[in-house]
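The values are calculated or read from the model by the stated rules, or taken from the named source; none is laboratory data. Computed from a predicted model, the values in this text were never measured in an experiment. The protein model used for the area step is the full one, side chains on, heavy atoms only, and it has no ligands, DNA or RNA in it. Shrake-Rupley method; radii C 1.70, N 1.55, O 1.52, S 1.80 Å.
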Amino acid sequence: MAYFAVSYQLNKQKDYQPLWDAFDALGAFKVMRDFYLVDTANAADELRGYLAQHIDTDDYVFVAPLGSEPSKQGCWKGTQAWIDARF
């Protein structure tokens, strides 16, 4: 299992629901408005490719592997529990 930090930006007026549904299908944890933590057996480029299917070509998605325990302040409820369960 690999752990990833994923951020996105949908430009212009967009329907976010397809992307949110994709995150839900992955079992992703929402840390902040446009930022998720994901654990998956996929590689970073595979995860990015999956998410890219749910956004337009003018939108952005960034996937970064987590090699060590992340540090946070002021994230949404449950974030520390997600981190503690994995690191």
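May I ask you to evaluate 6.51 cos²θ - 1.76 cosθ + 1.60, the Karplus curve with θ = phi - 60°, for each residue of region 51-63 and list the ³J(HN,Hα) values in order in whole Hz, giving x for glycine and proline?
Per residue, the Karplus-derived 3J(HN,Hα) values read 5, 4, 5, 10, 10, 8, 5, 8, 9, 10, 9, 10, 10 Hz.
For semi-axes √(5λ) of the Cα gyration tensor in Å, the choices are [x] 24, 14, 11; [y] 22, 15, 11; [z] 19, 13, 11; which was calculated from the structure?
[y]
For region 6-15, in order, what is each residue's ³J(HN,Hα) by Karplus, 6.51 cos²θ - 1.76 cosθ + 1.60 with θ = phi - 60°, in whole Hz (x at glycine and Pro)?
Taking θ as phi minus 60°, the curve returns 10, 10, 9, 9, 9, 8, 6, 7, 10, 8 Hz for region 6-15.
Calculate what fraction, in whole %, of the accessible area of the chain sits on carbon and sulfur atoms when a 1.4 Å probe is rolled over the protein chains.
Details: 2720 of 5430 Å².
The value for the chain is 50 percent carbon and sulfur by accessible area.
Per residue, how many Å² of accessible area does region 45-87 show with a 1.4 Å probe? Kindly include the intermediate steps, with their values, before the conclusion.
Values: 3040 Å² over 43 residues.
Result: 71 Å² of accessible area for each residue.
Would you compute, from DSSP H runs of 4+ residues alone, the mean residue ellipticity of the chain at 222 nm, taking -39500 (n - 2.57) per run and dividing by the full residue count, rounded to the nearest 500?
On the way: 3 runs with 27 residues, N = 87.
That calculation yields -9000 deg cm²/dmol at 222 nm.
Evaluate the Kirkwood expression for the hydrodynamic radius of region 12-57, namely the inverse of the mean inverse distance over all pairs of different C-alpha atoms, and round to one decimal in Å.
Working: mean 1/r = 0.0890 Å⁻¹.
Kirkwood radius, region 12-57: 11.2 Å.
Does anyone have the angle between helix 17-26 and the longest principal axis of the chain? Alpha-carbon axes, 0 to 90°, nearest 10?
So the inclination is approximately 40 degrees.
Among the lysines, select those whose C-alpha is under 28 Å from the C-alpha of LYS12, and discard any that sit fewer than 8 residues away in the same chain.
Straight-distance partners of LYS12: LYS30.
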